[in-house]
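A.B. asks: Take this structure first; my questions come after.
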């Protein structure tokens, strides 16, 4: 019997109408010198990256997931979401694209001084954004004003009265992300 695949809640929305709900946990990230917010639910993994590796990833425009594992460290256990459901042998063969969010004020090239790799996912789509900083804690969104600007969905006010543009991660993953097909 065939089963109907489930659709991730955000993937089911139109790419242009992403609007995080009040209470959505938002994590602050820094790309170059630009601070933006991303929904915590989109984050699959955060990994530090050395300068030499970052330059290689930018040059090749992709990050091989085998670089995240060690001899005794399973890859799947490191990830959240759909990537955690794939077998380690399959993950070792995958390379995710280095993505560049678009929008006014965002850099047009990957962060050349970034020290962190942010793996994001939306259902079966995955990709990596190079960041300078990623906030330790997520904060709940208290209000959202839709103001579409490239991959920015709008402005969010988070609990400590800070306003941040929020990344429409479904949009960037649809355009630049890797589509994985479950085995």
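A.B. asks: I'd like the FRET efficiency for residue 60 and residue 146, computed as 1/(1 + (r/R0)^6) with the beta carbon distance as r and R0 of 35 Å, rounded to 0.05.
C.D. replies: With R0 = 35 Å, the Cβ-Cβ based efficiency is 0.45.
A.B. asks: Could you state the principal axis extents of the C-alpha atoms in the range 35-179, from the largest down, to the nearest angstrom?
C.D. replies: Taking the Cα atoms of the range 35-179, the three principal extents are 45, 29, 26 Å.
A.B. asks: Still on this structure: Run lengths n ≥ 4 of DSSP H only: what is the helix-derived mean residue ellipticity at 222 nm for the chain, with -39500 (n - 2.57) per run over all residues, to the nearest 500?
C.D. replies: My calculation for the chain gives -3000 deg cm²/dmol from helical runs alone.
A.B. asks: Let me ask something additional. Can you pull the semi-axes for the range 23-112, root of five times each eigenvalue of the Cα gyration tensor, sorted largest first, whole Å?
C.D. replies: They are 24, 18, 11 Å, listed largest first.
A.B. asks: Whole number please: convex hull volume per residue, Cα atoms of the range 71-124, in Å³.
C.D. replies: Enclosed volume per residue, from the Cα hull, is 119 Å³.
Just so you know, all these numbers are worked out from the coordinates, no wet-lab data involved. Please read all numbers here as calculations on a predicted model, not as lab measurements. Note that we place each Cβ from the backbone using ideal geometry, even for glycine, and neighbour counts take in every protein chain shown.
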